[in-house]
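Below is one structure, written out as structure tokens, with a few remarks after it.
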Amino acid sequence: MKKMRLYRGWGLGLLIICLFSACEKVIELKLDDAPAVVVIDGGVSDQNEIQRVKVSKTYNFTEPNKFNGLSGAKVVLAVDGAGAIVFNEVSPGIYQSIKFKGKSGSKYDLSVTVEGQTYKASSTMPARVPMDSLTFKSFTFFGETKNYVAVNFRDPAGVANQYRYILKFKGVVEKDVVSEDRFDDGNKVTNVIFYELNDLIKGDSVQVEIQCIDRNVYRYFYSLSQNTGGNGPPVAPANPPSNFSNGALGVFSAHTSSIRTALIK
């Protein structure tokens, strides 16, 4: 019996050695470079301001994170199928218009021609839903209390609405999420933005913008948040569904805007 116990113990020791040895094995990943793809991000708001469009290209995985701006693009915006607003390049890949104010109910068609290819996207600006106020909410998880900011507004009844919330702290976007009114149609809505405020001190402030967006733009940002785990566990990575033609990435959004600032007391 003693000999049997000694043999089994030696076998267990050998197994442990093998397991630790396996942990030291180096695995080399082969990352193939994908062809560069055009990326277009832009929008039109209902504010009287300069509207901007960014045109760039993707880059290889091994290259540093950067904005790979594309110069020489022709960027033209049509409103309700007529007229033409030309965007001028102000820096590599950045194009801007003259000041103008978008209008709810109007359809905006953006055309971007670069490197011999034309990419088109359309977006109809929804009706504006103003933000009533920002309030603070506290939740306790596992004995720890955490503070968040909440957006309050009245959702219009009988209309399918989609919203985008952009939270900024010191001018930097810290949270970018979307919601729809499928379960809140016509109700007083309080949506919490789950960005922890505990590290902020008295006198700090956060800015929140609520945008009313069309369905295609909502699908884009919802898919983007799913990839990063913004609405739960991350899903298998995939490019968000762009509203541009010819395989371009990015999104074009005609949206309304309502902005408020909350002060930490």
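The values are calculated or read from the model by the stated rules, or taken from the named source; none is laboratory data. Computed from a predicted structure; not experimentally measured. Because the Cβ atoms are built from the backbone with ideal geometry, glycine has one as well, and the counts that use them run over all protein chains shown. Accessible surface areas use protein heavy atoms only, side chains included; no ligands, DNA or RNA. Shrake-Rupley method; radii C 1.70, N 1.55, O 1.52, S 1.80 Å.
Here are the numbers:
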read-out: Net charge of neighbours whose Cβ lies under 11 Å from the Cβ of E49, counting Lys and Arg as +1 and Asp and Glu as -1; value: +2
read-out: Of the chymotrypsin sites (Phe, Trp or Tyr not before Pro) in segment 98-157, those whose Cβ has at most 11 other Cβ within 10 Å and which sit in DSSP loop; value: F142
read-out: Shape category assigned to segment 69-142 from the gyration tensor of Cα positions, a/c cut at 1.5; value: prolate
read-out: Within the accessible area of segment 144-218 (1.4 Å probe), percent carbon and sulfur; value: 44
read-out: Amide H contacts under 5 Å for T118, placed H, 5+ residues apart; value: none
read-out: Neighbour-limited loop hits for chymotrypsin sites (Phe, Trp or Tyr not before Pro), segment 39-93 (at most 10 other Cβ within 10 Å; DSSP other than H, G, I, E, B); value: F61
read-out: Percent carbon-and-sulfur accessible area, segment 45-95, ignoring ligands, DNA and RNA, probe 1.4 Å; value: 51
read-out: Heavy atoms of T261: accessible area, 1.4 Å probe, square angstrom to 10; value: 90
read-out: Probe 1.4 Å - accessible area at E174, Å² to nearest ten; value: 80
read-out: Trypsin sites (Lys or Arg not before Pro) within segment 135-178, DSSP loop, no more than 13 other Cβ atoms inside 10 Å; value: K170
read-out: Rounded accessible area per residue of segment 107-250, 1.4 Å, Å²; value: 52
